[in-house]
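**Q** Before I ask anything, let me first share the structure, which is written out below as structure tokens.
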Amino acid sequence: MIAVGIISTLVACVSDNSHPVPVATDYSQVNHWLSIPVVTEAVDVFYLYPTAWQRKANEPYICEIDNPSMLAGSASAFTRTATAFEPFADIYAPYYRQADAVYALKLPLPELDVLIAGIPTLDAVAAFDYYIKNFNHGRPFILAGHSQGSNVLINLLTGYLKDHPDVYQRMIAAYVIGYPVTAQIVEDNPHLKFAEGPDDTGVIISYNTQAPDVVPGVNPVLSGLVGLVINPITWTRAETVATTAEGLGSVMPDPVTLVFEPVPQYADARVDVANGVLICTTADEDGLHELTHHGFPRGVYHSFDYPFYYFNIRENAQNRANKYLGN
């Protein structure tokens, strides 16, 4: 049974006229976009930020499109994630109405799926459709998301892009990082492929980073799912450890200013197939747990999925774009 809280949040009682059907955000309005770039590159990125706000008492479980906390938080997330793609791509990023993460991650998986498939996905699909019809002009594109943004991207991949194969053919890759992409999703959607190496295109890239001592079931981001994983240093699915010496660099917060700045490769990486996670052994568990104000259990490096492997993602995305353009 779907929780009453979800029903009221989605205001989706369509069997009668007692509740309005939710309406997507109007993406013809410039103020509903975090980023509309000047076109300078041959490749676009369509980016969905992670959860960027926290619900206050008595607020709805899904925020308004102009929520000040979300506007500020999404801009901050953009700087430590989406900017990885800036050297070679124009980045389009809509604002979208989000679910409160604390509430959402406590829901049973079926109820979480309903919540994210509601207003967050409604907005994201409307934004992507507007982008395709008004901004894209036939260019190849990369999808990129993190956390709730990646959860929404899964719905975009299995819905809109399934229904628009001509658009899907222009997708270089989808960086669906910070939420599990399961084998079942790929099996149920034969048009989708998970990445197998550093050069394939039209594929999904995904991983969720944690320390080796995180007990299965403790990481709330996984929602009890076992995802497919690729190593963001070697770009293979082998379980061999990729050392920091093999990486290209990270961005990590300055201890004083907390501004994310480039540093040498901070994190190693090993695929854990059985648990569907990416294992990092080189991070300071206690220090990062304190830094994120205990937002996640100790050893859950969700906030650093992009920063740990920032320059590896940049090089790989550009490589995939070059392969696509070359073909």
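The values are calculated or read from the model by the stated rules, or taken from the named source; none is laboratory data. All figures in this text were calculated on a predicted structure; none of them were measured in a lab. Cβ coordinates were reconstructed from backbone atoms using ideal geometry, including for glycine residues, and neighbour counts include every protein chain displayed. In case anyone asks, the SASA skips ligands and DNA or RNA and just uses the protein heavy atoms, side chains included. Shrake-Rupley method; radii C 1.70, N 1.55, O 1.52, S 1.80 Å.
**Q** Restricting to the range 69-117, and then to whatever is open to solvent by 10 Å² or more (accessible area, probe 1.4 Å), assigned to a loop (DSSP other than H, G, I, E, B) and at pLDDT 95 or above, can you tell me which residue is farthest from SER250 (Cα to Cα)?
**A** By that ranking, first place goes to ARG97.
**Q** Of the conditions (1) farther than 26 Å from VAL167 by Cα; (2) among the small types (Gly, Ala, Ser); (3) crowded, with 16+ Cβ neighbours inside 10 Å, ALA124 fails just one. Which one is it?
**A** Failing condition for ALA124: (1).
**Q** Separate question: Can you tell me which residue in the range 303-321 is most open to solvent (accessible area, probe 1.4 Å), limited to those that are charged (D, E, K, R) and either modelled with pLDDT under 95 or closer than 19 Å to ASP90 by Cβ (or both)?
**A** Among those that are charged (D, E, K, R) and either modelled with pLDDT under 95 or closer than 19 Å to ASP90 by Cβ (or both), it is GLU315.
**Q** I need every pair where a residue in the range 170-197 that is part of a helix (DSSP H, G or I) has its Cβ under 9 Å from the Cβ of a residue that is hydroxyl-bearing (Ser, Thr, Tyr), sequence separation at least 6 or different chains.
**A** From residues that are part of a helix (DSSP H, G or I), the pairs are ILE185/THR158; ASP188/THR158.
**Q** Find the residue count for the range 156-193, including only residues that are over 15 Å from the mean Cα position of the chain (by Cα) and under 28 Å from ALA283 (Cβ atoms).
**A** Matching residues across the range 156-193 total 1.
**Q** Further, regarding this structure: Could you count how many residues in the range 174-204 are open to solvent by less than 10 Å² (accessible area, probe 1.4 Å), among the β-branched types (Val, Ile, Thr) and in contact with a Lys or Arg (Cβ under 9 Å, 6 or more places away or on another chain)?
**A** 2
**Q** To continue, here is another question. Can you name every residue in the range 266-312 that is in contact (Cβ under 8 Å) with a residue 40 or more places away in the chain, within 17 Å of GLY249 (Cβ to Cβ) and assigned to a loop (DSSP other than H, G, I, E, B)?
**A** Result: TYR266, ALA267, CYS280, ALA283, TYR301, ASP305, TYR306.
**Q** How many residues, within the range 151-169, are in a helix (DSSP H, G or I) and open to solvent by 20 Å² or more (accessible area, probe 1.4 Å)?
**A** Going through the range 151-169 one residue at a time, the tally reaches 8.
**Q** If VAL215 meets every condition in (1) touching a residue at least 24 places away in the same chain (Cβ under 8 Å); (2) assigned to a loop (DSSP other than H, G, I, E, B) apart from one, which number is that one?
**A** (1)
**Q** In addition: Do the conditions hold for VAL43, that is, is it of a type in the set (Val, Ile, Thr), modelled with pLDDT of 95 or more and surrounded by 15 or more Cβ atoms within 10 Å (Cβ to Cβ)?
**A** yes
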